Amino acid sequence: MITLSTLNKYKKEGRKFSCLTCYDAMFAKMMQNAEVDTILIGDSLGMVVQGHDSTLPVTVDDMVYHTANVARSNKHALILADLPFMSYVTLEDTIANARKIMQAGAQVIKLEGGAELVDKVAALTAAGAPICVHLGLTPQSVNVFGGYKVQGKTEDSAAKLMADVKAVVEAGAAIILLECVPAALAKQVTEAVDVPVIGIGAGADTDGQVLVMHDMLGVTYGRVARFVHDFLTDERNQQSDYAGSVEGAFALFHKSVIEGSYPQPQHQFN
Ligand code: KIV
């Protein structure tokens, strides 16, 4: 069973770790068989499960439902789950909502933001909920950003991101997740902190890699992000003992992350 201590040990040893989003029991079981290290019940479920255009409509009840479905079925991975949009504005709401999601089976709670979260990170950590802080492109702020754009491209924004990371780590954040930031910045952040850093569209140098499950299975419509690779139709999955199965795609992702063959330079932003 993977715990936070396992991820901290992996970071010290330089062993990369895998993370996939998951929303239901059957895929969670396949991820267990494929030995995926960590699972994120992401509020991306708003788009890939519920058919919304963004993560904003997702509720705490939705997160509780999907977290419980996954946690019942996977006893191997460390389970992270999102607090959804506007569910952590006040400290009181933050603690009450984190409690519901932890009681549904999450082992780590993910919040989107930066230094403004320090009080919440400290309070939740003190109350027994380890926190992952998601920085860079934070989809809950899509209307603030004016679209889904790479973050940290200017010197000022990169310095702000680094300062935000340091502030939340000092407040007790157990994991950092970086989405769509230049690979060089993600490398600097990963080297600057002792806690594990997970990346998506953040280059090869973060400690862990996460992808949305539907994306890495090629279950997508429209534009596919640069960092996505389809592991289901990948020739290595077709030729493997898994014979091109979904479980094989999860196993190939896990192996590729650990070996360092995913992501490749064409998957990163410079
Ligand atoms: O909600 C989600 O799936 C996420 C990933 C994109 C990291 O936050």
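General remarks:
- In the range 73-157, one over the average inverse separation of all distinct C-alpha pairs is 13.9 Å, which is the Kirkwood hydrodynamic radius.
- For LYS187, the lysines whose Cα falls under 27 Å of its own Cα, not counting residues fewer than eight places away in the same chain, are LYS9, LYS11, LYS12, LYS16, LYS110, LYS120, LYS149, LYS153, LYS160, LYS166, LYS255.
- Positive-end residue, the range 1-47 charge dipole about Cα centroid, Cβ charges, pick of LEU7, SER18, SER44: LEU7
- Mean-position separation - Cα centroids, the range 146-198 and the range 6-43, in angstrom: 21 Å
- For the range 142-212, the Kirkwood estimate of hydrodynamic radius, built from reciprocal distances between every pair of different alpha carbons, is 12.3 Å.
- Taking 0.890 mPa s as the viscosity and 25 °C as the temperature, the Stokes-Einstein diffusion coefficient of the range 217-270 based on its alpha-carbon Kirkwood radius rounds to 210 µm²/s.
- The chain, accessible surface, carbon-and-sulfur percent (1.4 angstrom probe): 54 percent
- Computed over the range 1-123, the ratio Rg/Rh where both radii use C-alpha atoms and Rh is Kirkwood: 0.97
- Evaluated at q = 0.17, 0.21 Å⁻¹, a Debye calculation over the C-alpha positions of the range 153-270 (equal weights, vacuum) places log10 I(q)/I(0) at -0.84, -1.10.
- Placing unit charges on each Cβ (+1 for Lys and Arg, -1 for Asp and Glu) gives the chain a dipole about its Cα centre, and among VAL165, ILE131, LEU78 the Cα reaching farthest toward its positive end belongs to LEU78.
- Fraction in percent of alpha-carbon pairs per bin - 5 Å, the range 37-194: 2, 9, 19, 22, 21, 16, 9, 2, 0
- Karplus-derived HN-Hα couplings along the range 57-67 (A = 6.51, B = -1.76, C = 1.60, θ = phi - 60°), whole Hz, x at Gly and Pro: x, 5, 10, 4, 4, 4, 5, 4, 4, 6, 5
- The C-alpha atoms of the chain occupy a region whose extents along the principal axes are 50, 40, 38 Å, arranged from largest to smallest.
- Cα centroids of the range 206-270 and the range 72-88: 21 Å apart.
- Farthest toward positive dipole pole in the chain [+1 Lys/Arg, -1 Asp/Glu at C-beta], among THR206, GLY152, VAL64: THR206
The values are calculated or read from the model by the stated rules, or taken from the named source; none is laboratory data. Source: prediction; values computed, not measured. For neighbour counting, all protein chains shown are included, and Cβ atoms are generated from backbone atoms with ideal geometry for every residue, glycine included. Quick note on the areas: whole protein, heavy atoms, side chains included, nothing else; ligands and nucleic acids left out. Shrake-Rupley method; radii C 1.70, N 1.55, O 1.52, S 1.80 Å.
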